[in-house]
Every structure is written in C-alpha cells, then in structure tokens.
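This report concerns only the one structure given below.
The values are calculated or read from the model by the stated rules, or taken from the named source; none is laboratory data. Predicted, not measured: the structure shown is a model, and the values here were computed from it. In this analysis, Cβ positions are derived from the backbone assuming ideal geometry, glycine residues included, and neighbour counts consider all displayed protein chains.
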Amino acid sequence: MKHFVRLRALWIALIAVLPAMAAHAEPADVYTVTGVKVQASGARPELARAKAVADGEAAALARLLRKLTLAEDHTRLPKPDAEAVRGAVRNFSVESENQQGDKYTASIAYRFDRDAVRAMLEGASVPFLETASPPLVVLPVWREEGKPMLWDDPNPWREAWMRHEPQDTLVEFARLRADLDDLKAISGEEAVAGNRDALNRIGNHYKAGLIAVAVGTLDKGQRRITVQLYDLANGRSSAVGTFPAGNDAAALDRAAAQIGRTIDAVWKKGAVAIEHNATVVRMRAPLQGLEHWIKIRQALQSMPQLRGLTTISMSPDEALIEIRFAGTPAELRRQLDQKGMAVTVEPTTAGAPETWVLKPPSTAIKETELPPTPGKADERPKNGAAPDKKTEPPKKP
C-alpha cells in the first residue's frame, strides 16, 4: 500500500512539472535582437567596448518594440530612459568585433527580459504579439512568355528571394531548399493556380502553416510581383499586394525586402485581431497514464494557433485544462479533429463554464502526428516484418 501511495505521489509530481517544462520550451528568440551594429571610441579599448555595448542596448530595444507591434502604433511606443533600457537587457553576446586603436566596432545580439518589455508596452497601452508565426514558405514564381517557372531556370526572382535575409520579423520565413522533394511537391502552374493539394504538400515538406505565392511578371520592361497568402490551417487566402521590382537584380533584392516586411505586417495585423478575440475553452481529458497525458499535451501544443495551455487540476485519471486559441471555436474543433481528438460538450449547470470533453481517451491521439518519444524507436525486425505483440500480464485488482 505504501508503495502504491509513493508511486501515485510521484506520478502527480511529474505531471505537475510538465506545464512549467512546456513554458520553458517556448521560442526564446522572440525577445532576442541579432545583428546590432555598434561603434564607439574611448581612451582605452575596454572603455570603447563598454560604450559601444551600452549604445547598442537602446538601438536593440527600439528594434524589438517595433518587431512586436503594429506599424500604426510605432508613434506610441514607449521611450524608456537609459536605466530602464539597461534593466530590460538579460544578456548579450558578441557576434563579431574589431578593435583598431581607440575605435571599437562589433555586431552584437541582445536578449531582453520578457516581463520588463511586456510592462513597457502594457504601460503605454500598445497591443503587441510575443509569438512567432507558423513557418511560412514563399514560393517565388517567375512568369515569362506565359509559362510560370518556379524551380526551372532562369528564375531571377527565386534567386533574389533566396539571397534575402529577413530581419526583425515575427513571421518565421522558411529557407527554400529547392531540392528534389520541393520539385515533387509543387510546380509553378500549381502554385499560380493555388492548388490546395500541392500547397499542402509543400507545407508538409517544410512543416509550414502559411504559404505565400509571389508571382513575378515582366510588363513593358518593368518587373512586378503579386503576392497571395494562403493559411493552410483554416483554408483561407488573402491578397498581400503588388510590388514594383525594377529591371535589375538590385531592384529585385529591394522588392524581396519590401515583400518580407509587408508579409510580416499583414500577418501581425491579423494575429493581433485574432488575439483580441481569442477563444478560451475549458477541456476535460480522461487519462490512461502519464505517457497518454504527455501525448495529449504534445498534440495540443503542435497546433499553430494555440496561445496558452493552463492546467487547472490533475489526477491520474483526468486532466482539467484551459486552452487559449487564436481563432474561432469552429477552427479549434477542426484542428482538434485533424489531430484525432474528437470532442463533445459536457452538460453544464446554470452559471458554470462550458467544458469540452476529449473522446475516446484510448484512441484520441494520432501517433503519426506526434514527435517520437525520446529514447524509443520502432523495433521492427530487419526483414521488414511487424514486431510481435507482447501480451501484458493481467493487472492485479
């Protein structure tokens, strides 16, 4: 009996720390600003370096605040003093540096304290985001003489986009590989037509939730690029705009930078609106052990629009959680269904919050959509045959 009590206590202790583990697994680079160029002079090398690092703190924070907020709110951004800026910096790392006499130049990455930055923006009543987008793939299609070319050469627009290095964006731009798998996933014709099957294939290849089809054309000696954005999670698409791209490689490079900034701005604007109207649902999850609970959490956290997961109560048989989802209840149901987690609505009493129930608990998770459990592999014999199933002894009552 004592052994059972100790095991039960250990099980509850383990599941209790999972939410904290998940919180620490959030992307840390949202509050990091890289590539900050600094320069200073001083009577001694260490003084020049210290001044350069201090000067870079304010520039890095200004870039971070602009990254987290909408362009129309940039005039209302807080302007903290030097002491507040210094207090918001968690640490920094030197990416490259050069010391020549009394002159010091460097490229520095600064990491900021989340709570300090949040307090600044909330104090200024400026809405902000602190979650990056799902990975986004840009498909740079070049249409010449009527034929849309994506992976074929020549495609000067694809070359320009692959040279582009996005900076200070919340949109997570996936880097194109242009490999054989890309060629098999989607063609230029399919991209221009917005073929959903092909878009889903390339999205799966990059584990992306967003696809931007950017079609470049040549009209009267001037290049133009038209961009359409597809959200694979909810099936929606929207026009981003048409951008001038000049008539040389430098103009295409400028167009790539402008398109990257515009896609980031469009996504942020939509995300802020969605966050403002986020769906909050209380959910009851029947459990069949610790591993089952871990799989449920993994499946929920893999949803691109999940914004929060709070554990309200926990027992070996059941978890009561609250989900904050950037979308409508119908979109949440659809994403849960895609993960193999069907839900029903639990009958409620007057004044009680609505509660969804995951069902059935034994088959609620699609194993193919989960990352492998660390340390476990598919023990398949070398001849390709399925492994023998082991029969567990019956449990003692």
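Taking Glu57, is it outside the structural domain of Ala299 (by TED's automatic domain parsing), in a helix (DSSP H, G or I) and free of Cβ contacts under 8 Å to residues at least 12 places away in the same chain? No; evaluated as a whole, the condition is false for this residue. Criterion applied to Pro135, Pro127, Pro166 was being in contact with a Gly (Cβ under 6 Å, 6 or more places away or on another chain), closer than 30 Å to Ile274 by Cβ and modelled with pLDDT under 95, and the one residue passing it is Pro166. Only a single criterion out of (1) touching a Gly at 6+ places or on another chain (Cβ under 6 Å); (2) assigned by TED's automatic domain parsing to the domain that holds Leu210 is not satisfied by Ala271, namely (1).
Going through (1) closer than 29 Å to His276 by Cα; (2) of a type in the set (S, T, N, Q); (3) loosely packed, with under 15 Cβ neighbours inside 10 Å one by one, Asn91 falls short only on (1).
Given the options Arg76, Arg143, Arg158, Arg86, name the one that is in contact with a helix residue (DSSP H, G or I) (Cβ under 7 Å, 6 or more places away or on another chain) and either within 14 Å of Leu65 (Cβ to Cβ) or surrounded by 13 or more Cβ atoms within 10 Å (Cβ to Cβ) (or both).
Exactly one of Arg76, Arg143, Arg158, Arg86 is in contact with a helix residue (DSSP H, G or I) (Cβ under 7 Å, 6 or more places away or on another chain) and either within 14 Å of Leu65 (Cβ to Cβ) or surrounded by 13 or more Cβ atoms within 10 Å (Cβ to Cβ) (or both), namely Arg86.
Can you tell me which residue is surrounded by the most Cβ atoms within 10 Å (Cβ to Cβ) among those in segment 163-194 that are among the charged types (D, E, K, R) and under 17 Å from the mean Cα position of the chain (by Cα)? Here the answer is Glu172. Within segment 107-124, the residues that satisfy the criterion of being out of contact with any helix residue (DSSP H, G or I) (no Cβ under 6 Å at 6 or more places or on another chain) and under 21 Å from Leu47 (Cα atoms) are Ser107, Ala109. Could you identify the single residue in Asp231, Asp219 that is in contact with a Leu (Cβ under 8 Å, 6 or more places away or on another chain), modelled with pLDDT under 95 and not aliphatic (A, V, I, L, M)? Among Asp231, Asp219, only Asp231 is in contact with a Leu (Cβ under 8 Å, 6 or more places away or on another chain), modelled with pLDDT under 95 and not aliphatic (A, V, I, L, M). A single member of Val213, Val117 is touching a strand residue (DSSP E or B) at 6+ places or on another chain (Cβ under 9 Å), on the phi < 0 side of the Ramachandran plot and in contact (Cβ under 8 Å) with a residue 40 or more places away in the chain, and it is Val213. For segment 292-309, the condition holds for at least one residue, the condition being that it is assigned by TED's automatic domain parsing to the domain that holds Thr355, farther than 30 Å from Glu72 by Cα and either hydroxyl-bearing (Ser, Thr, Tyr) or free of Cβ contacts under 8 Å to residues at least 60 places away in the same chain (or both).
Of all residues in segment 163-186, those that are of a type outside the set (Val, Ile, Thr) and in contact with a strand residue (DSSP E or B) (Cβ under 8 Å, 6 or more places away or on another chain) total 7. Checking each residue in segment 99-126 for being farther than 22 Å from Gln167 by Cβ and not basic (Lys, Arg) picks out Gln99, Gln100, Gly101, Asp102, Tyr104, Asp115, Ala116, Ala119, Glu122, Gly123, Ala124, Ser125.
Here Asn234 clears all of (1) in contact with a strand residue (DSSP E or B) (Cβ under 7 Å, 6 or more places away or on another chain); (2) within 30 Å of Asp337 (Cα to Cα); (3) in contact (Cβ under 8 Å) with a residue 40 or more places away in the chain except the condition numbered (1). If you go through segment 57-74 and keep only what is of a type in the set (Lys, Arg) and either under 15 Å from Arg90 (Cα atoms) or out of contact with any strand residue (DSSP E or B) (no Cβ under 9 Å at 6 or more places or on another chain) (or both), you end up with just Arg66.
Looking for something under 30 Å from Val192 (Cα atoms) and not assigned by TED's automatic domain parsing to the domain that holds Asn200 - is there at least one such residue anywhere in segment 70-82? So far as segment 70-82 goes, yes, one or more of its residues are under 30 Å from Val192 (Cα atoms) and not assigned by TED's automatic domain parsing to the domain that holds Asn200. Looking across segment 31-64 at every residue that is of a type in the set (S, T, N, Q) and surrounded by fewer than 16 Cβ atoms within 10 Å (Cβ to Cβ), the one that is nearest to the chain's Cα centre (by Cα) is identified as Gln39. Figure legend. Inter-residue proximity from segment 344-369: first residues over 21 Å from Lys295 (Cα atoms) and of a type in the set (S, T, N, Q), second residues modelled with pLDDT of 75 or more and assigned to a loop (DSSP other than H, G, I, E, B), beta-carbon distance below 9 Å, spacing 6+ or different chains. Indicated pairs: Thr348/Glu354.
Would you say Arg224 is farther than 30 Å from Ala60 by Cα, in contact with a strand residue (DSSP E or B) (Cβ under 6 Å, 6 or more places away or on another chain), among the basic types (Lys, Arg) and surrounded by 15 or more Cβ atoms within 10 Å (Cβ to Cβ)? The answer is yes for Arg224. Only one entry of Thr217, Thr226 meets the criterion of being more than 26 Å from Asp168 (Cβ to Cβ), β-branched (Val, Ile, Thr) and assigned to a strand (DSSP E or B), and that entry is Thr217.
Among the criteria (1) closer than 30 Å to His74 by Cα; (2) of a type outside the set (A, V, I, L, M); (3) touching a Lys or Arg at 6+ places or on another chain (Cβ under 8 Å), the one Glu346 does not fulfil is (1).
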